[in-house]
Amino acid sequence: MTPNSKIFAIVFVAAVLLFIWSCVRRFSLVTIGKPEDRFDNFPARIRDTFLYAFCQKRVLQKPFGINHFVLFWSFMVLLLANIEFVLKGLHHSLSFMLLPAFIHNPIYFLFDLFSLFALVCVIVAGVRRVVAPPYPEAITLDAYVILSMIALLMIAYFNLHGVELAVGEISALMPISAWVGRTFYAGIDLESAHSFINFWWWLHAIVFLVFLNYLPYSKHMHILSSIPNCYFRRFGKANTLPTETFVKGAKFGVETVDQYTWKDLFDSYSCTECGRCQMVCPASNTGKPLNPRKVIHDLKVNLLANGPIIKEGGKPTLPLIGNNGEGSITEDEIWSCTTCGACMEVCPVFIEQMPKILQLRRYLVEMKATFPEELLNLFENMEQRSNPWGIAPTERTKWCSQLNVKPFDASCEYLLYVGCAGAFDSRNKQVTVALAHILDAAGVSYGILGKEELCCGDSLRRLGNEFVFDRMARENVKLFKEKGVKKIITLCPHCFSTLANDYRQYGFEGEVVHHADLIDSLIKQGRLKLKKKVDAGRVVFHDSCYLGRHNDIYESPRSVISQATGKAPIEMDRNRAESFCCGAGGGRMWKEEHLGTRINLERVGEALTKNPDTICVTCPYCMTMFDDGLKDKNADKVMVKDIAEVVAEALQ
């Protein structure tokens, strides 16, 4: 027995039309964004959608992910159950009961089992949000409304079928529903049974249709958008930004939501608000205002507020940048980002938080000339002398004044791109000298540009000064081509990432290798003979964000340390893809930390829990941040060394 199908048909059609209207109204807003091609490589996109959306690869990387995985697949199975529920409501005879018992029994058994799984999962999720929420703001009315509706659907399902089984209305293998029937409805008369059936059926129907129409207006909108967002994911790392065309009247960066791409806007609908991004964000972890989850939420709020107005040709009323509450992103948030990429690495639906923040920086710098005061000297020094300190270019070769390092020419296999820190910073010049000794010992053919070398411009691009970066990149690429540079060695992950990734946009196709990969290769090929094992005590290794997360280079530094010291380095609690930033990336090397606690102190403190004698790094920025942090922690006995210095010691 089912309730009146005509009444249900009217209610169902009205609810579905309202749902479609809500979805069209909301999702159509992404069309105000700029075009972006995310439709290439169809087979790979289908593969990744299966892997990340349906197999939930990133979700399962965290212990509680199993709960979401089970709930997700319960929904997938119960989607079929709800289709039957709707069809049966529209016409009483449309049911899996029409199939032979050996077919419909396994189907109903699965429906019963996965309904139990779903109920258990929502109870666990509800309790977790009270007892151990993933982040303080996770306890919201919206979350409990959704969890309550899912629980009600499962309770109504068990009671509906429990009554039907108890009075013989249906016969199917449904052990949980049968137990409910025996426990609560045993011996019930037929008239009462029909009343209960009507009640539970309509409760299920109303909750189901309310749930359907609530989705587009809740954070659980991701149920509709997260699978497509996995399909439209970026292939490769988000370690570059689009170039700009500098013509009169052009606008740069992002001031309003319509200046983002449609995919950027779609990201805002796909956020599950799981909080994984904020839990790994170095700014969030050290008391700064930046919260990647909140940035995406504010983008969605701004889109919902301004999107309809922009579609009608009007001007946005809610500023995207400013101190205007929900829907606006403050300048302190924008400048707190270290561009470490940790947020993007953990996001289960591939939201790209970092590039959105950098586009806001571009607007502030290039359109408003608004940026932290200490960056003024940096920008001027870069423009005038192509290095952060404004030191004369003739000083670039002082590090090798006692060495026989030749200028790069056509006979050289590699260009040693020293970089600004490697050429000017007193501590990092020691690393450059160590690398030169290694290259000489291995018989590598290399040369340097000397005073002709320009900064790669990494900090400029990450700070939003695209105009100066663009000029610098073009000059560098022109110089490389004129000199016939085919292969480049870098000491700095930021130089490496910029030359290897960003410069592709400017036509540079040469091979770029970080010294960690090169040294590892030279040792394994037998070209570099280590004369002894270096006694560096307890060696702890720190992964650079731009070498690791941005470019997937994890094993070669560890291999180098192992071969030079005779033992593998000790790992920090957060390592490899989960490594915690030193605090200097995204141009923050040149900016003081006025808000919260210093990021480098957080990372140094983590390293000190391992009782190290030596902390090994592969980045000049990391070197500086660890040196400073150890001094502040009064841990002067702990040494910070680049892996090149350890290897150079093994050559003596």
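Would you work out the relative contact order for the range 257-367, in percent, from Cα pairs under 8 angstrom that are 6 or more residues apart?
Details: 144 pairs, mean separation 31.8, N = 111.
About 29 percent, as a whole number.
The range 405-450 and the range 316-337 have Cα centres spaced 44 Å apart. Between residue 34 and residue 75, the modelled label-to-label distance comes to 3.2 nm, taking each label 7 Å out from Cα in the direction of the beta carbon.
With a/c under 1.5 counting as rounded, go ahead and sort the range 257-367 into rounded, prolate or oblate using the C-alpha gyration tensor (a ≥ b ≥ c being the square roots of the eigenvalues; past the cut-off, prolate if a/b is larger than b/c, else oblate). Intermediate values should be presented prior to the final figure.
Values: a/c = 1.85, a/b = 1.43, b/c = 1.30.
In terms of gyration-tensor shape, prolate.
Multiply the residue gap between residue 235 and residue 323 by 0.36 nm, knock off their C-alpha separation, and tell me the result in nm, one decimal place. Before the final figure, lay out the partial values.
Working: separation 88, 0.36 × 88 = 31.68 nm, distance 3.44 nm.
Residue separation times 0.36 nm, minus the Cα-Cα distance, leaves 28.2 nm.
Anything over 20 Å Cα to Cα? Flag those among 429/481; 610/637; 533/641; 294/356, in the order listed. Pairs exceeding the cut-off: 429/481.
So how do 83, 561 line up by other beta-carbon neighbours within 10 Å, fewest first?
Working: 83 11, 561 28.
With the sparsest Cβ surroundings first, the list reads 83, 561.
Using helices alone, what [θ] at 222 nm do you get for the chain, with -39,500 (n - 2.57) per DSSP H run of 4 or more residues, divided over all residues and rounded to the nearest 500?
Values: 26 runs with 335 residues, N = 652.
One gets -16000 deg cm²/dmol as the mean residue ellipticity at 222 nm.
Within the same chain, aspartates and glutamates fewer than 8 places from residue 57 are excluded, and of the rest, those with a Cα less than 19 Å from its Cα are 48, 267, 273, 345, 352, 552, 578. For the range 548-652, the set of trypsin sites (Lys or Arg not before Pro) satisfying both a DSSP loop assignment and a count of at most 13 other C-beta atoms within 10 Å is given as 567, 637. Applying the criteria of a DSSP loop state and at most 12 other Cβ atoms within 10 Å to the GluC sites (Glu not before Pro) of the range 404-509 yields 413, 509. Between residue 144 and residue 310, what is the FRET efficiency for a Förster distance of 30 Å, r being their Cβ-Cβ separation, to the nearest 0.05? Computed FRET efficiency for residue 144 and residue 310: 0.35. Under 17 Å from a label point set 7 Å out along the Cα-to-Cβ vector of residue 123, the amide N atoms of the range 177-204 belong to 177-181, 183-184. Recomputing Rg/Rh (Cα atoms, Kirkwood Rh) from the coordinates shown identifies the correct label among [x] 0.96; [y] 0.99; [z] 1.07 as [z].
Taking other C-beta atoms within 10 angstrom as a stand-in for reagent exposure, 107, 357, 20 fall in the order 20, 107, 357, fewest first. Neighbour counts of C-beta atoms inside 10 Å place 144, 269 in the sequence 144, 269, starting with the fewest. Note on residue 131 and residue 224: their simple-model spin labels are 3.4 nm apart, each label 7 Å out from Cα toward Cβ.
In straight-distance terms, cross-link reach from residue 6 covers every one of the lysines whose alpha-carbon lies under 20 Å from its own, apart from those fewer than eight places away in the same chain; here that gives 88. For the range 85-119, backbone nitrogen atoms closer than 12 Å to the point 7 Å from residue 16 Cα along Cα-to-C-beta are found at 86-91.
Among the GluC sites (Glu not before Pro) within the range 294-334, which fall in a DSSP loop and have no more than 16 other Cβ atoms within 10 Å of their own Cβ?
Sparse-neighbourhood loop GluC sites (Glu not before Pro): 312, 326.
Of all DSSP beta bridges confined to the chain, the antiparallel ones make up roughly 0%. FRET efficiency for the pair residue 4 and residue 54, taken as 1/(1 + (r/R0)^6) with r the Cβ-Cβ distance and R0 = 41 Å, rounds to 0.65.
Subtract the Cα-Cα distance of residue 301 and residue 598 from 0.36 nm times their separation in residues, and report this length gain in nm to one decimal.
Contour length minus the Cα-Cα distance gives 103.9 nm.
Relative contact order of the chain, taken over Cα pairs closer than 8 Å and 6 or more residues apart, is 12 percent.
Set the Förster distance to 30 Å, then compute FRET efficiency between residue 511 and residue 41 from the Cβ-Cβ distance, nearest 0.05. Display every interim value, and only then the final one.
On the way: r = 24 Å, r/R0 = 0.82.
That gives a FRET efficiency of 0.75.
Once C-alpha pairs closer than 8 Å and six or more residues apart are averaged by separation and normalised to the residue number of the range 5-231, the relative contact order reads 25 percent. For the chain, the Cβ-based charge dipole about the Cα centre amounts to some 820 debye (Lys, Arg positive; Asp, Glu negative; other atoms uncharged). For the pair residue 92 and residue 521, label points projected 7 Å from Cα toward Cβ lie 7.6 nm apart. Indicate the gyration tensor shape class of the range 39-131 (rounded, prolate or oblate), computed on the Cα atoms with a ≥ b ≥ c the square roots of the eigenvalues: a/c under 1.5 is rounded; otherwise a/b larger than b/c is prolate and the rest oblate. Here the range 39-131 falls in the oblate category. Taking 0.36 nm per residue of sequence separation and removing the Cα-Cα distance, the residue 401/residue 471 pair yields an extension gain of 22.2 nm.
Starting from the Cα of residue 190, move 7 Å in the Cα-to-Cβ direction to define the label point; list residues of the range 1-45 whose amide nitrogen is under 20 Å from there. What the label zone holds, given the 20 Å backbone N cut-off, is 1-4.
Read-outs: derived from the displayed coordinates by stated rules, not from any lab. The structure presented is a predicted model; accordingly, all values stated were derived computationally and were not measured. Cβ coordinates were reconstructed from backbone atoms using ideal geometry, including for glycine residues, and neighbour counts include every protein chain displayed.
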